[in-house]
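Below: the structure, in structure tokens.
The values are calculated or read from the model by the stated rules, or taken from the named source; none is laboratory data. Computed from a prediction, not measured in an experiment: that's the story for all the values here. Reconstructed Cβ throughout: ideal geometry from the backbone, glycine too, with neighbour counts over all protein chains shown. What goes into the accessible areas is simple: the full protein's heavy atoms, side chains included, and nothing from ligands, DNA or RNA. Shrake-Rupley method; radii C 1.70, N 1.55, O 1.52, S 1.80 Å.
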Amino acid sequence: MELGGFFMAHAVWSVSDGETLVPMLASESNQERKMTRLAHERLKDSVAEGHSRLEANTDGFQRAAFIYDGYIHLEDRKTDALIMTVIQYGSDGGTVQMAIPYKPASSGFAVHRPKFLSIDGIGEEEVQTLGEAFFAGVDKHEEGSKVWSGHLDESR
């Protein structure tokens, strides 16, 4: 989750100026982090590639996070959100999907509270630890954490 938090902060920073996020696949193996942007003509092709690469793990990652710009439904309306799937591979593994709703720059940029969409292979008692690790990662991204905290709107 720390890996996901770091790159989610990067994503928040990236969309804060009004641009659509180019989907990102972040990975970590042997303490080495890597990020690949998945740029196709159609966003849905980039998203499909990201999910496929997460599932296949042909690169042998220890953990990976895939983040893309999309929408979720909050309060019966469609809301812009950065959507992330984080996977810890191996016998102690699990998958978390979460979203960070946001208000686009054209409407006065704001970042809302994270929403867990699904948790698989991880005990309910670990959810708080997941959140703490996520925000530890956010805090490690200097620019992204500044933008996040400076535009935080916890009303949603």
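General observations
- Residue 137 open to solvent by less than 30 Å² (accessible area, probe 1.4 Å), closer than 14 Å to residue 9 by Cβ and not in a strand (DSSP E or B): yes
- Matching residues, the stretch 28-60, being open to solvent by 60 Å² or more (accessible area, probe 1.4 Å) and in contact (Cβ under 8 Å) with a residue 24 or more places away in the chain: 30, 33, 35, 43, 51, 53, 59
- Any hit, the stretch 116-131, residues being at pLDDT 95 or above and hydroxyl-bearing (Ser, Thr, Tyr): no
- Of the residues in the stretch 43-56, not one is touching a helix residue (DSSP H, G or I) at 6+ places or on another chain (Cβ under 7 Å) and not small (Gly, Ala, Ser).
- Count - residues of the stretch 61-113 that are touching a helix residue (DSSP H, G or I) at 6+ places or on another chain (Cβ under 7 Å) and open to solvent by 30 Å² or more (accessible area, probe 1.4 Å): 2
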